[in-house]
1. Can you give the Rg to Rh ratio of region 213-293, both from alpha-carbon atoms, with Rh computed by the Kirkwood formula?
2. By how many degrees, between 0 and 90 and to the nearest 10, does the Cα long axis of helix 4-17 differ from the longest principal axis of the chain?
3. Let me make sure I get this right: for region 280-395, a, b and c are the square roots of the gyration tensor eigenvalues over alpha carbons, sorted descending. Under 1.5 in a/c it's rounded, otherwise prolate if a/b > b/c, else oblate. Which is it?
4. Give a quick list of chymotrypsin sites (Phe, Trp or Tyr not before Pro) in region 331-361 that DSSP marks as loop, anything other than H, G, I, E or B, with at most 15 other Cβ atoms within 10 Å.
5. Positive end of the charge dipole of region 519-609 (Lys, Arg +1 and Asp, Glu -1 on Cβ, about the Cα centre): tell me which of Val536, Ser552, Phe585 has its Cα farthest that way.
6. Given a 1.4 Å probe, how much area per residue of the chain is accessible, in Å²?
7. Below 8 Å between Cα atoms, with a sequence gap of 6+, how large is the relative contact order for region 507-559 in percent?
8. Using a Förster radius of 51 Å, what is the FRET efficiency between Lys386 and Gln558 based on their Cβ-Cβ separation? Nearest 0.05, please.
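The values are calculated or read from the model by the stated rules, or taken from the named source; none is laboratory data. Because the structure is predicted, anything quoted here is derived from the model rather than measured. Cβ placement follows ideal geometry from the backbone for every residue including glycine, while neighbour counts extend to all protein chains displayed. Side chains are part of the model used for accessible areas, which takes the heavy atoms of the whole protein and leaves out ligands, DNA and RNA. Shrake-Rupley method; radii C 1.70, N 1.55, O 1.52, S 1.80 Å.
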Amino acid sequence: MPTCRGILTVATTLFIMGSAAPQVGIAGPAPTADTTATAGAADFDALESITVVAQKQNIDLQKAAVSITALSGATLAESNIVTPLDLNGQVPGLVITTSEGFNRSVSIRGIGFNVPQDDSAQTSVSYHEDGIYIAYPVALNSGFLDVDHVEVLRGPQGTVFGQNSIGGTINVISKQPTLDGVHGYVDVGVGSRDLIHTSAALNLPLSETFAIRMAYDQNYQHGYVTATAVPGYKGGYDLNNQNNVHGRIQALWQPGDDLSVLLRAEYAQARQHEAAGKNITDPDTDPWHESSDWPGRLIYNQQLAGATITYNFAAATLKVLSSNQEVNQRGSVNEDGLSLAVESVTFQPHDVEYFLHNSKNITEEVDLSSKPGGPFDWIVGAFYLKSRLTVGYDQYNVYPGEGVYPGNPTPDLLHVSTPDVAITNAIYSGLLYFQNVGVEDRESWSGYGQTTYHVNDALRLTAGLRYTHDHNTTLFDDYYNLFYPNTSIFLGQTATKLTYRVAADYDLTPVNLAYVSVSTGFKPGGGNISNSPAVVPFQFQPETITAFEIGSKNSFLQKKLNVNLSAFFYQDKNMQFQAEDLINFQGGVDNIPHVNVYGLEGEIAALLPYNLRLDGNFTFEKGRITSHFNALDNDAGTAANNQFIALYGLPAYLAVAFNGVGSPALNALRQAAYKDVYGNAPPSLPEVIASLNLTHTLPLAEGSSLMSRVALQYRSDYADTIFGKTPTYTAPSYVMSNLYFDYIYKPGSWDVSLAVNNVFDRAAVQSRFTNQFGGETTQQYFPPRSLVLSFHYQF
């Protein structure tokens, strides 16, 4: 962990350089129309007002009695934030990690998606686009497109948002069609590693009542990590490359002031190489080299069709949101991130995995909300989700010197390209050791209502309820029947839950707000994909949370200084986590009975003399498992396996390792390795997250300006599992520094910007992942120093 002196030295150095970096925390204004690039032009009389949706109510950010951060489209562009993963370091308490090359796990204040290897588990932080619930977490692989602003609400949103918002909500607000004329923008960015990033949008009124808005984004860039041992790639096989296309068309019909109909069609695709995952035992010490011999690939397609109908009655507004969503994702990944030659030295299994995901979802939501101005603000609504998730896996595994297992010789599940099949046959010789296809059907509906009573001009009381009924069925099938004949398993689970929110907020002055709240959240359970676990249940239970929060939002010095503070305490029941089983490779999702999390957060925005602006945020948080619970960690399980090999030999181990029941001797060694996790912190809970941003705006002739910004981000280390901060399970701390310059020529016309990310070229670890199915620990690094030069034209 870096010392305070070290952090101050970095900050002082960057300040002297007079540089810039992306703005975070209390962000720039949510732009209107097409003002993304020119939102950096500063007003030094007062901090801007930011309107957010908050809890489905348009309200000024400083008046919203919840913990919420808003990032404008300008801030996203300045910070080179193009996907949800890039939000790391931008929001208090937010941690987004990558696992197995394709999964995205989001955690806020230590409440998150701790089961990235189980496809039936639901997310803890809900994700919305313009109020539409995005049902499948893999959809986070899509980038941001034509964004007005992004809102991140912290804490359970179990009353009015989503299906399962126990940790918070990310709400992406896109720019909407308007009837006020033809306008749009064109962006072109070039940069390090052959980056070419183009985006454009066009708003086109076709009549006085009908308009369309079209947006397009294409991002191409070579990867920043090299797999050095892939056959046929003499210069190495690049990982973490970008080859993405994203398009959207929206149509607005607004025949009068009372009715509007918004239709949307959206498509996103990615054709990428595998994401990096450097094994912590990799003998190559270069953080951006992997000793991998596998050309992993990701093929991703997302489609979304939606409709939003809004009708204004005299005293209320009716809104109907419908969507039809589909995500297709397939490819392959090197699970251990190493080569067969390296694994031969360490005598560990070398494995790759082919995967197939298909998610089809229908969402329907209707709500009726009051117009502002009365003694009561209220909203009532109903939500419905119907989804089907189909997953398939072929996993190939080989120990050095192992003979050919009589399995399927080629990965026919995905019908992959010939080069992959050839390498599979050359390295693995048909050593298929895990295969399954799973189908999960989920049907969920809920009804909700929330009201705020204005006791007087200063005091407001809020109460809300939501009733959720969730039913899911899981079909697991060993479809080859190579190891266990007739192993199809069908499981069903129904859960109901009443969640609530009660809160009070009080205006101490017209610009100083205090609030207190108690809220609950619910995340449904599901079925595991293992067919013969001994300890891990076939079905895992729903997770619930009760959150207590007190906070204040304050403006001082004629709104030149904003200071927001909040303190929170969570009681989490049945926290879902990735568990290894007593039987090899039979792990899945299990539940920790009780976990507590508590912390303090703050955000600041200040206008300073000499055209300077300071923005920053911090989170101090801690958590502990408060119930005794025995679990088997990957290191201890592997040690037990190796002890068995030392006692009985490799052939004996191979004879029982994959049979689904183990052996009495092996099971006894693994049973002895179980440990009580009482007192450990939950996963993905760094004790400190902080950012600091200093911006200078230099006015030039004819309304032009030069904006310079420097940003520092710090995150302390944390455990990526429930087993504490051991050398294997600890994601290291980091300090990241970024610069940003923007020359704006006559706001509303064009500008040129330069972003320098990771200024000091630090090998900073973004996330760490441990495969709890008897596998390896890998980590992903932030990209090395990179430059992005962008040209923006607005019309």
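1. Details: Rg = 21.1 Å, Rh = 15.8 Å.
Rounded to two decimals, Rg/Rh equals 1.33.
2. Result, in degrees: 50.
3. Working: a/c = 4.59, a/b = 2.94, b/c = 1.56.
Because a/c hits 1.5 or more and a/b exceeds b/c, region 280-395 counts as prolate.
4. Numbers: sites: Phe347, Tyr354, Phe355; in loops: Phe347.
Here the sparse-neighbourhood loop sites are Phe347.
5. Selected residue: Ser552.
6. Values: 28500 Å² over 795 residues.
I get 36 Å² per residue for this part.
7. Numbers: 72 pairs, mean separation 25.2, N = 53.
Reported as a whole number, the value is 48 percent.
8. Working: r = 52 Å, r/R0 = 1.02.
Here the calculated transfer efficiency is 0.45.
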